[in-house]
Amino acid sequence: MANLTVEILGTGCKKCHQLEANAREAIAALDLDAEVLHITDLIKIAERGVMKTPALVVNGQVVSQGKVATPEQIQPLLTAE
C-alpha cells in the first residue's frame, strides 16, 4: 500500500497528461511509493475548490493549480509535511 497519494485533477487535456507524467517522474526521482490517480469528474474537481486545471493534490491537499508544474517543482511538494 502506498503511503503517498497523488491526484491529478483535470479533464484529460494535454496539460493534465503532462502534469501526470511530471508527477510520476518526480515520484520516481525520489524513489517514493505513491499511488497516482487522475480525477476527471468536474463535480469532484469543484468539490475540492479547484477552479483552474490542471491541479495537483498530495495526500488530499491541493498544492498546485492552473499550471503544469515541472518534476523539479513537484519534488519538494511530495516530501513536505
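The values are calculated or read from the model by the stated rules, or taken from the named source; none is laboratory data. Quantities reported herein were computed from a predicted structural model and do not represent experimental measurements. Note that we place each Cβ from the backbone using ideal geometry, even for glycine, and neighbour counts take in every protein chain shown. We work out accessible area using only protein heavy atoms, side chains counted, and drop any ligands, DNA or RNA first. Shrake-Rupley method; radii C 1.70, N 1.55, O 1.52, S 1.80 Å.
Figures for the structure shown
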| read-out | value |
| --- | --- |
| In the range 1-42, the residues that are free of Cβ contacts under 8 Å to residues at least 40 places away in the same chain and assigned to a helix (DSSP H, G or I) | Lys14, Cys16, His17, Glu20, Ala21, Arg24, Ala28, Leu42 |
| Subset tally (residues that are loosely packed, with under 13 Cβ neighbours inside 10 Å and touching a helix residue (DSSP H, G or I) at 6+ places or on another chain (Cβ under 9 Å)) for the range 29-40 | 1 |
| Test result for Thr5, polar (S, T, N, Q), touching an Asp or Glu at 6+ places or on another chain (Cβ under 6 Å), surrounded by fewer than 19 Cβ atoms within 10 Å (Cβ to Cβ) and modelled with pLDDT of 95 or more | yes |
| Failed item, numbered, when Thr11 is tested on (1) surrounded by fewer than 16 Cβ atoms within 10 Å (Cβ to Cβ); (2) closer than 12 Å to Leu78 by Cα | (2) |
| Condition met for Ala69 (surrounded by fewer than 11 Cβ atoms within 10 Å (Cβ to Cβ) and aliphatic (A, V, I, L, M)) | no |
| Pair list, Cβ under 6 Å, 6 or more apart: the range 52-81 residue under 17 Å from Leu4 (Cβ atoms), other residue of a type in the set (D, E, K, R) and open to solvent by less than 80 Å² (accessible area, probe 1.4 Å) | Val57/Glu7 |
